[in-house]
Amino acid sequence: MKRKGIIKNAQKVVIKVGSSVLTTSRKGIDLRRVQRLTEGIYDVVESGRKVVLVSSGAIAVGMDRLGIRGRVDGIPVKQAIAAIGQPHLMALYDEYFQRKGIQISQILLTRDDLNHRRRYLNARDTITSLFKFGALPIINENDTVVVEEIKVGDNDNLSVLVSGLIQADLLIILSDTEGLFDKDPKVYPDACLISEVDEINEGVMCAAGGSFSPTGIGGMPVKLEAIQKAASFGIPTILASGKREHVLREIFSGKDVGTLFMPQRDPLSCKKQWVAYGVRSSGVLFLDDGAVKALLYGGKSLLPTGVVRVSGNFERGEAVDIRNLSDELIAKGLVNYSVQEVEKIKGQRSFKIKKILGYTYGDELVHRDQLVILTQAGKEP
């Protein structure tokens, strides 16, 4: 009943398709799969739902056009191949979606686009306007220009960030796996598919195995980390095989396909989603045990008195990681003071800030409304 209820209520859907779904090991791009994917998405759109497609494949298509087989190394080479492949990938989608009367659109994103709040909101508004035009947004990371500093990382994570951006009701990740198994099905023939996961805990992570493809990155652990973020946004995720002939039709008919990952009951707000996973941290604040306890169990803001050490180079309003003295990540937030200012007021009580600096932006280094707890630590007994 959970699955059928989620499917019934899902009006905004993000569908992520991996390179391994669109390609074969010998023939490059699999046109039959592209056709089946577009037909499946057409059915979802025709049901009255709004759909965003997050598609890998630019490098795979570029390699196909150039006749390259196997692995390629070097960022400039991969970027050049992506530059060749991206327009041909979109041309394929345009050809197949036009047959169904669907207008497509292209959005290429980098971490920088999600890092700045105004650009983040502009991306959301663009997608909303595309929905009004009846167009299908197709999103990919801008592989042709991206460097490590502005890289989202992989399209599993990008699909999660997009899901949070539009406040999607459902994320579907189509991969080369049927879902999550209780053990590695490549090693154990008796491995069983897990139909539903309420929480991604240590046991679930241990059941995940790695994978490799010459055009994709990551594996099951990377997917589970991304799905865990989606759960914190309050978004359920279905992980299923994109190689199944009518996988989207089966999913939206309520069939028990793939693995359903349930959302958290207390999801992050849209603003805190961005703080947690959209914006890149520019520094670190290291806290004493008392300050850690106040954040985790007291629901408090971060005051300067609990800060022991500072690193990085951040300005007021930028994001910082918040760690304990064992260097474990506790939280993340938008800081009210620059690194130079924090160096002067760390360890001090808030009423001394004005005397030390000559001015004040408030008592808190990081206000609770601008702070997200990221540790899995349990509640204090």
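The values are calculated or read from the model by the stated rules, or taken from the named source; none is laboratory data. Note that the coordinates shown come from a computational prediction; the quantities given were computed from them, not determined experimentally. We place every Cβ from the backbone using ideal geometry, glycine too, and count neighbours over all the protein chains shown.
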Check your understanding: Ser269 is checked against (1) of a type outside the set (D, E, K, R); (2) within 23 Å of the chain's Cα centre (by Cα); (3) closer than 19 Å to Val342 by Cα and fails just one. What number does that condition carry?
Key -> (3)
Practice item. Please determine, by comparing only the residues of the stretch 80-104 that are touching a residue at least 60 places away in the same chain (Cβ under 8 Å) and not in a helix (DSSP H, G or I), which one is farthest from the chain's Cα centre (by Cα). Key: Lys100
Point to revise | Residue within the stretch 220-235 that is in contact with a strand residue (DSSP E or B) (Cβ under 6 Å, 6 or more places away or on another chain), part of a loop (DSSP other than H, G, I, E, B), modelled with pLDDT of 90 or more and closer than 21 Å to Val52 by Cα present | key: yes
Point to revise | Qualifying positions in the stretch 59-79 - in a loop (DSSP other than H, G, I, E, B) and under 11 Å from Gly28 (Cβ atoms) | key: Gly67, Ile68, Arg69
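Scan the stretch 271-283 and tell me whether some residue there is within 27 Å of Asp113 (Cα to Cα), at pLDDT 95 or above and outside any loop (DSSP other than H, G, I, E, B). Give the derivation first.
Pass one, the stretch 271-283, residues within 27 Å of Asp113 (Cα to Cα): 271-283.
Within this subset, residues satisfying the condition of being at pLDDT 95 or above are 283.
In the following step, the residues that additionally are outside any loop (DSSP other than H, G, I, E, B) were identified as 283.
For the stretch 271-283, residues within 27 Å of Asp113 (Cα to Cα), at pLDDT 95 or above and outside any loop (DSSP other than H, G, I, E, B): present.
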Check your understanding: Which condition does Phe351 not pass, out of (1) under 23 Å from the mean Cα position of the chain (by Cα); (2) surrounded by fewer than 13 Cβ atoms within 10 Å (Cβ to Cβ); (3) of a type in the set (A, V, I, L, M, F, W, C), if it passes all the others?
Key -> (1)
Study note, to complete from the structure: All-but-one check, Val147 against (1) at pLDDT below 85; (2) surrounded by fewer than 18 Cβ atoms within 10 Å (Cβ to Cβ); (3) under 23 Å from Lys12 (Cβ atoms), failing number (3)
Exercise for review: Given the conditions (1) in the same structural domain as Val14 (by TED's automatic domain parsing); (2) at negative phi; (3) in contact with a strand residue (DSSP E or B) (Cβ under 8 Å, 6 or more places away or on another chain), report the number of the one that Gly258 does not fulfil.
Suggested key: (2)
Review point. With respect to Glu245, is the statement that it is modelled with pLDDT under 90, within 13 Å of the chain's Cα centre (by Cα) and surrounded by fewer than 19 Cβ atoms within 10 Å (Cβ to Cβ) true?
Key: no
